[in-house]
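See below for the structure under consideration.
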């Protein structure tokens, strides 16, 4: 940064940093993909008719390639042990959550597909790779043009949400980082030409640059924005059935993996292994008025600078709101282990750690399903699309769907405020910590250390409303024109990135997803206008795409009017509810499942609130009763001692010192229970 050579694409690469286990798989998958492509080019020229895939490589050939590239090792079925520990605690990787299908929902597996991918060819070329290629007799518009025509919103012309706080927006990203991380290609240069993807405007995998239209204000300044394709995933099977699939580097389950990591090695690195409490490591150089900061990432420490923080997710340092939530839940873990140790002084550090981790997973599930989703989807749609929990279903695949990761759960990008509000005690404006343009809060871990800790940021999230999304007010300039703005290179455009990512992943168009959800499918501008309740917007889409069928699913879905009591339309309600229902019903460790917690423990957990967690882990003394709802005046905040902000009573976790660990459903020691010396 000091040399002025840092580009936005460098920050994006840092943002998508992956662990060694993920890196091994994507290297193997990319090697396999490039090998198959080379063979295809060597055998068939562009003038020849493309072969039936089985003529190119036999099943035996594919098995050999899987073996020599390393993909076979990545596709091995994990062996699942059956003992006290595996019944009581999740694995870090998510493996063996489902014993019949041990890879379902695990880290480092391909996203699931609810509809088959629609690539430009049978091999996995992105939609829109060839600008002249037609779909439904029309070409796809450049994604930057769609962003310019449909999404553009000036920072100073936004409307504010009358009922929701900005903390709800932040929680959506927080949970997204618990369930989704798509690694980009590990290569930074084109395989065939060696061209640097940050400098070339030529399409050559993994480079899929975003073209700048002639009408764009950036025209003449830059010709394209760099874009790297998502890394491929190792996929088994014969060539005729292989399509490019993308990888989820973290567990699908809502298990607080952004706090603990999705691998045993990262989880261990984040712990204070010398602590008798099973606590997480904290920062040894800085504190927040005697409260802990996250530990520094030793691999990125620089002299005389504030280091990046280390957490269970590599995106922890992306912006101040994310840093605040990571810090809050690090402190909550360490608070829980102290409380549990007071109740159970005979518990080992590993048991304290795992019991706190288990409670943290339940907290995230309760806050998401009972506090967050009803405000997003709406109470009416929730009751219809998310029926009451009936118990664990081992036939339900919890694996995150590609359309959820790449489109549906990115809906909140149009509800982000352009300014990060920071407030002092009493929720008063603090001249020492003034509001910041959003792009000044990106990768600014130093601000938390040097500018008042996480309290000013949390107060700002609690008192600030979310941005209201309307057809004329989609995505603020901060995200379209200043994303990852650095000293070198032009900033990125989040809207264009979202659209390009959907095409990279072969997501079918808007109409296909409406049909998938049993909704009406628009064929004409007037039919689209009726769905969107906006003829002007429908006409824009018609001019851009030529047909409603070609509309990219993300921009089509966010354009639908919200259902009553919610903030998303019918298509997003369908896709979000389907995924979250699968995450609930297919999770063997879901907090309501009989035997995961006792009935008394469940009753106590049910009263948890995010406001209580803020009270317990910050210097903030007044909070809203419902932190996801908008609070208009500081005087409407409640004291942390108020009965509406109850403490989590951990007394149901007290166990007799019998030398054994009881399962959550047992009432007395059982001969099958074994004393736990170590969880390694």
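Collect the residues in the stretch 276-291 that are assigned to a strand (DSSP E or B), within 14 Å of residue 335 (Cα to Cα) and touching a helix residue (DSSP H, G or I) at 6+ places or on another chain (Cβ under 6 Å), keeping them in residue-number order. Spell out the reasoning first.
Kept after step one, since they are assigned to a strand (DSSP E or B), are these residues of the stretch 276-291: 280, 282-288, 291.
Those still in the list that are within 14 Å of residue 335 (Cα to Cα) too: 280, 282, 291.
Once the filter is applied, which keeps residues that are assigned to a strand (DSSP E or B), within 14 Å of residue 335 (Cα to Cα) and touching a helix residue (DSSP H, G or I) at 6+ places or on another chain (Cβ under 6 Å), the stretch 276-291 yields only 280.
Among the residues of the stretch 343-360, are any closer than 21 Å to residue 652 by Cβ and within 18 Å of the chain's Cα centre (by Cα)? Yes.
Residue under question is residue 622, and the condition is that it be closer than 30 Å to residue 464 by Cβ, modelled with pLDDT of 95 or more and over 28 Å from the mean Cα position of the chain (by Cα); does it hold? Talk me through it step by step, then tell me what you get.
Numbers: closer than 30 Å to residue 464 by Cβ: yes; modelled with pLDDT of 95 or more: yes; over 28 Å from the mean Cα position of the chain (by Cα): yes.
It is true that residue 622 is closer than 30 Å to residue 464 by Cβ, modelled with pLDDT of 95 or more and over 28 Å from the mean Cα position of the chain (by Cα).
Looking for something surrounded by fewer than 23 Cβ atoms within 10 Å (Cβ to Cβ), in the same structural domain as residue 602 (by TED's automatic domain parsing) and farther than 23 Å from residue 591 by Cβ - is there at least one such residue anywhere in the stretch 360-372? No, there is no match, as no residue in the stretch 360-372 is surrounded by fewer than 23 Cβ atoms within 10 Å (Cβ to Cβ), in the same structural domain as residue 602 (by TED's automatic domain parsing) and farther than 23 Å from residue 591 by Cβ.
Taken over the stretch 539-549, the criterion of being surrounded by fewer than 23 Cβ atoms within 10 Å (Cβ to Cβ) and assigned to a helix (DSSP H, G or I) is satisfied by 539, 540, 542, 543, 544, 549. For the stretch 139-147, the count of residues that are crowded, with 23+ Cβ neighbours inside 10 Å, under 23 Å from the mean Cα position of the chain (by Cα) and not assigned by TED's automatic domain parsing to the domain that holds residue 576 is zero.
Look through 65, 151 and report the one residue that is crowded, with 21+ Cβ neighbours inside 10 Å and touching a helix residue (DSSP H, G or I) at 6+ places or on another chain (Cβ under 7 Å).
Being crowded, with 21+ Cβ neighbours inside 10 Å and touching a helix residue (DSSP H, G or I) at 6+ places or on another chain (Cβ under 7 Å) holds for just one of 65, 151, which is 151.
Out of curiosity, is residue 338 in the same structural domain as residue 231 (by TED's automatic domain parsing), outside any loop (DSSP other than H, G, I, E, B), crowded, with 20+ Cβ neighbours inside 10 Å and modelled with pLDDT of 95 or more?
no
Consider residue 207 carefully, then state whether it is at pLDDT below 90 and more than 23 Å from residue 474 (Cβ to Cβ). So that I can check it myself, show each step before the final result.
Details: at pLDDT below 90: no; more than 23 Å from residue 474 (Cβ to Cβ): yes.
It is false that residue 207 is at pLDDT below 90 and more than 23 Å from residue 474 (Cβ to Cβ).
Can you spot a residue in the stretch 149-166 that is closer than 22 Å to residue 313 by Cα and assigned by TED's automatic domain parsing to the domain that holds residue 457? Talk me through it step by step, then tell me what you get.
Quick first cut of the stretch 149-166, residues closer than 22 Å to residue 313 by Cα only: 166.
Checking the rest, the ones that are also assigned by TED's automatic domain parsing to the domain that holds residue 457 come to 166.
Yes, the stretch 149-166 contains at least one residue that is closer than 22 Å to residue 313 by Cα and assigned by TED's automatic domain parsing to the domain that holds residue 457.
Checking each residue in the stretch 508-526 for being out of contact with any helix residue (DSSP H, G or I) (no Cβ under 6 Å at 6 or more places or on another chain), assigned to a loop (DSSP other than H, G, I, E, B) and under 14 Å from residue 570 (Cα atoms) picks out 518, 520. Which residues, counting only those in the stretch 209-241, are part of a strand (DSSP E or B) and out of contact with any strand residue (DSSP E or B) (no Cβ under 6 Å at 6 or more places or on another chain)? Within the stretch 209-241, 232 is the sole residue that qualifies. Within the stretch 128-141, residues that are free of Cβ contacts under 8 Å to residues at least 40 places away in the same chain reach partners that are in a loop (DSSP other than H, G, I, E, B) and surrounded by 13 or more Cβ atoms within 10 Å (Cβ to Cβ) with beta carbons closer than 6 Å, at six or more positions or on different chains, in the pairs 133/120.
Right, residue 479: within 22 Å of the chain's Cα centre (by Cα), under 18 Å from residue 230 (Cβ atoms) and touching a residue at least 60 places away in the same chain (Cβ under 8 Å) or not?
Numbers: within 22 Å of the chain's Cα centre (by Cα): yes; under 18 Å from residue 230 (Cβ atoms): no; touching a residue at least 60 places away in the same chain (Cβ under 8 Å): yes.
Here the answer is no, as residue 479 does not meet what is asked.
Flag: residue 600 does not match the condition of being crowded, with 23+ Cβ neighbours inside 10 Å, part of a helix (DSSP H, G or I), in the same structural domain as residue 160 (by TED's automatic domain parsing) and touching a residue at least 40 places away in the same chain (Cβ under 8 Å).
Among the conditions (1) at pLDDT below 95; (2) closer than 30 Å to residue 367 by Cα; (3) buried (at least 23 other Cβ atoms within 10 Å of the Cβ), residue 276 misses just one, which is (3). For the stretch 101-123, residues that are in contact with a strand residue (DSSP E or B) (Cβ under 8 Å, 6 or more places away or on another chain) and surrounded by 22 or more Cβ atoms within 10 Å (Cβ to Cβ) total 4.
When residue 418 is tested against (1) within 22 Å of the chain's Cα centre (by Cα); (2) at pLDDT 95 or above; (3) surrounded by fewer than 24 Cβ atoms within 10 Å (Cβ to Cβ), exactly one condition is not met: (2).
Listed by first and then second residue, the pairs linking a residue in the stretch 59-84 that is in contact (Cβ under 8 Å) with a residue 24 or more places away in the chain to a residue that is surrounded by fewer than 14 Cβ atoms within 10 Å (Cβ to Cβ), with Cβ atoms under 6 Å apart and 6 or more places separating them unless they lie on different chains, are 75/236; 84/674.
Out of 142, 217, report the one residue that is modelled with pLDDT of 90 or more and farther than 30 Å from residue 459 by Cα. Spell out how you get there, then give the answer.
Details: 217 fails: modelled with pLDDT of 90 or more.
None of the others qualify; the one that does is 142.
Restricting attention to the stretch 603-617, the residues that are touching a residue at least 60 places away in the same chain (Cβ under 8 Å) and more than 25 Å from the chain's Cα centre (by Cα) total 1.
The values are calculated or read from the model by the stated rules, or taken from the named source; none is laboratory data. This is a predicted model, so every value here is computed, not measured. Virtual Cβ from ideal backbone geometry, glycine too; neighbours counted across all protein chains shown.
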